[in-house]
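Below is one structure, written out as structure tokens; comments come after it.
Bear in mind that the values in this text are calculations on the coordinates, not laboratory data. All of these numbers come straight from a predicted model, not from anything done at the bench. So basically every Cβ, Gly included, is an ideal-geometry build from the backbone, and we count neighbours across all protein chains shown.
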Amino acid sequence: MATYPATAEEIKRMLRNSDGNRFEILRSSNQNLTFNEAEKVFKAHELPFKSKFRNLGLIQEKTDLFTNLALLISDQNPYTFKVAVFNNLSNTNFISRKEFTGSILKQLQEIVEYISLLNRFDFNIKDWQREEKYDYPEFAIREAVLNALIHRDYDLESSNIVNINQEEIEIISLGGIVNGLEVNDILNGISITRNPNLANIMFRLEFIESFGTGLRRIFDLYSETEKIPKLNITPNSFKLSLPNQNRNKRENKRDAQLTQSFEDETLKKIVHFIDVHKEVTGNQLIKDLNLKRSTFYKKIKILIDSGKVKFQKVGNKRIYSLVSP
């Protein structure tokens, strides 16, 4: 039988499991903690904070020292969350990337807001009423990020990850399923977290409605769609993939647009200009091709949606280039 040396993280986890001590209740190696962001969140929810340190599990009973749970919600929290946006399905060509730091209460809010800005919507007119449908259900995004923060294994010293492309959002949390559970147990609503005190704080703040229902609600939101969420779980990671609900509809619309615009001279001029100059800004295209700003936005959107043109943000500008064949 082949053997391999255990990593430092695996050794720590085995020792932790053997003595029954959870990460969140152990003494924090950093005792110089501040809680500016956490105080803001608790105040916004009209909940006491500093007077409840012991009840919340932020200080140890015997030593009065800060716990690792305190570290997680403190401004000095060293665990980060990385979000990347890609323009291809293999997640190799970056459009943008951002790392979220600080208190996980702050991370939760900022990550959800950031992804929401990227969450496009389509609409239908039904019975004279406009029906909007986001690419990704807003509840599913929030719940997936929340689960990744609450259930991650903080013995693994790396970052949680969100990958976004045209087809799906992947939310990857460090640490697999808690020992003793299987995938179907989770889908059946059985909830065991490796960080129960952290989960309790999220419950008090009403970020969690009830334990064990989040994942099932995510799947329910996709019950009438062609594609459903996927789980990919290993001993050291938990990946939830949320499919883009409007992907197929948008592709059909894009194909129709491309058919209609096949002889569109403006599109040809834009593509040729970018091909010659390699990388251009929107203002360059508007000025040199003498385009109305509204026309430019309409045409460049068609080219981006069709996969002909890509862009990356540099400061406040978008730099456009052709997608390699």
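Note down the nm distance, to one decimal, between modelled labels 7 Å out along Cα→Cβ at Y297 and at K82.
Roughly 3.4 nm, to one decimal.
Net charge near K106: determine it from the other residues with C-beta under 12 Å of the C-beta of K106, scoring Lys and Arg +1 and Asp and Glu -1. Display every interim value, and only then the final one.
On the way: positive: K40; negative: E37, E39, D75, E110, E113.
Taking every Cβ under 12 Å from that of K106, the sum is -4.
Take the Cβ-Cβ distance between S223 and N91 as r, set R0 to 30 Å, and report the resulting FRET efficiency rounded to the nearest 0.05.
Values: r = 27 Å, r/R0 = 0.90.
Once rounded, the FRET efficiency stands at 0.65.
Mind giving me the nanometre distance, one decimal, between the label points for K43 and L231, set 7 Å out from Cα along Cα→Cβ?
4.0
Report the FRET efficiency, 1/(1 + (r/R0)^6), for S51 and V178, where r is their Cβ-Cβ distance and R0 is 41 Å, rounded to 0.05. Don't skip to the answer; put the middle values down first.
On the way: r = 32 Å, r/R0 = 0.77.
E between S51 and V178, to the nearest 0.05, is 0.85.
So, in Å, what gap is there between the alpha-carbon centers of the range 148-162 and the range 261-325?
Centre-to-centre (Cα) distance: 39 Å.
With unit charges on the beta carbon (Lys/Arg positive, Asp/Glu negative), name the residue among V271, L291, L303 whose Cα is farthest towards the positive pole of the charge dipole of the range 267-324.
It is L291.
Which chymotrypsin sites (Phe, Trp or Tyr not before Pro) does the range 138-229 hold that lie in a coil by DSSP with at most 16 other beta carbons within 10 Å?
Numbers: sites: F139, Y154, F203, F207, F211, F219, Y222; in loops: Y154, F207, F211, Y222.
Here the sparse-neighbourhood loop sites are F211.
Can you list the residues, at least 5 places off or on another chain, whose amide H is less than 5 Å from the amide H of S237, using H built in the peptide plane?
G175, G176
Suppose the chain between R27 and E110 were pulled fully straight at 0.36 nm per residue; how much longer would it get relative to their current alpha carbon spacing?
Working: separation 83, 0.36 × 83 = 29.88 nm, distance 2.75 nm.
Result: 27.1 nm gained on full extension.
With the cut-off at 19 Å, tell me which of the pairs K230/K301; K106/K133; K133/K317; K278/K317; K40/K82 have Cα atoms farther apart than that. Don't skip to the end; give the middle numbers.
On the way: K230/K301 29 Å; K106/K133 28 Å; K133/K317 29 Å; K278/K317 16 Å; K40/K82 23 Å.
Long pairs (Cα-Cα over 19 Å): K230/K301; K106/K133; K133/K317; K40/K82.
Roughly speaking, what is the stretch gain from I319 to S306, that is 0.36 nm per residue apart minus the C-alpha to C-alpha distance, in nm to one decimal? List each step's numbers first, then the result.
On the way: separation 13, 0.36 × 13 = 4.68 nm, distance 1.72 nm.
Between I319 and S306, full extension yields an extra 3.0 nm.
Which stretch or stretches of the range 140-161 have amide N atoms under 18 Å from the point lying 7 Å from D185's Cα along the Cα→Cβ direction?
Label zone hits: 151-153.
Subtracting the Cα-Cα distance from 0.36 nm times the residue separation, let me have the gained length for S158 to T213 in nm, one decimal. Intermediate results must be reported in sequence, preceding the final value.
On the way: separation 55, 0.36 × 55 = 19.80 nm, distance 2.74 nm.
Full extension from S158 to T213 adds 17.1 nm.
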